[in-house]
Amino acid sequence: MQVEPLSIADVKLITPRRFQDDRGFFSETWSARVWEDAGLEANFVQDNHAYSVAKGVVRGLHFQLQPAAQGKLVRVTRGAILDVAVDIRRGSSTFGRHVSAVLSADNWAQLWVPEGFAHGYITLQPETEVVYKVTFTLPLSIGAYAGMIQRSASTGGFPVMRRPCRRRIASCHCSQRRPTSSEKNRPNALCQFNLCRTSAR
């Protein structure tokens, strides 16, 4: 298993080995021993699985508030994503900067995103499946969740995310602002802003 720091060193690109033969392959995708040898610490408590039908599906950017902050180990079992982590640790020398990596079923790479980072991705292929381990089980309370619009940070790795939400304004609370009274009176009007909270799941 190869562990590489990215330009923000706390974010790691991890590539497990795959042992292939005519039957298929075997891979050890996570190992406590390897993490300890690499100087990484994480107590994973939950696995999540997200399936996206289309290319260009955006999920994020998300982060969790203390005391419910999460570290995430993200990998792709089918398809491909552009995965992005934004440093939101105040006082950090890389505050506001981002790193990104392509994760795919072909390259078998993983991204370790520690606490203190906003995380999100966009699918690069249809029929993409993402599996990720997390270090905290979130309570069923919206107070533990938060998000940010992509262009509010230096997320230059998300160019295709800059497109209108296109949800009906009457049922849409955009991350940039709430609909005006006149907009609410036009129930079929479409949101023109970049990402809607209701679509960022």
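The values are calculated or read from the model by the stated rules, or taken from the named source; none is laboratory data. Remember, it's a predicted structure, so these values are computed and weren't measured experimentally. Positions of Cβ are backbone-derived with ideal geometry, glycine not excepted, and every protein chain shown enters the neighbour counts.
Applying the criterion of at least 3 residues that are under 18 Å from the mean Cα position of the chain (by Cα) to the strands (runs of 3 or more DSSP E) found wholly in segment 1-56 leaves 12-15, 46-52. Within the set G60, G71, G24, G39, the sole residue that is more than 19 Å from T135 (Cα to Cα) and assigned by TED's automatic domain parsing to the domain that holds A101 turns out to be G24. Going residue by residue through segment 34-54, is there one that turns out to be among the charged types (D, E, K, R) and surrounded by 12 or more Cβ atoms within 10 Å (Cβ to Cβ)? No, every residue in segment 34-54 fails to be among the charged types (D, E, K, R) and surrounded by 12 or more Cβ atoms within 10 Å (Cβ to Cβ). Taking residues in segment 93-113 that are surrounded by fewer than 23 Cβ atoms within 10 Å (Cβ to Cβ), and partners anywhere that are of a type in the set (D, E), the pairs with Cβ atoms closer than 8 Å and at least 6 places apart or on different chains are T94/D87; F95/D87; G96/D87; R97/D87; S100/D83; A101/D83; V102/D83.
For the residues D83, D22, D47, the requirement of being acidic (D, E) and in contact with a Leu (Cβ under 7 Å, 6 or more places away or on another chain) singles out D83.
How many residues are part of a strand (DSSP E or B) and under 12 Å from the mean Cα position of the chain (by Cα) if we restrict to segment 65-97? The total comes to 11. For E129, the criteria (1) buried (at least 17 other Cβ atoms within 10 Å of the Cβ); (2) in a strand (DSSP E or B) hold in every case but one, which is (1). Within segment 45-65, residues that are under 14 Å from F136 (Cα atoms) have Cβ atoms under 6 Å from residues that are of a type in the set (F, W, Y) in these pairs: N48/Y132, counting only partners at least 6 apart in sequence or on another chain.
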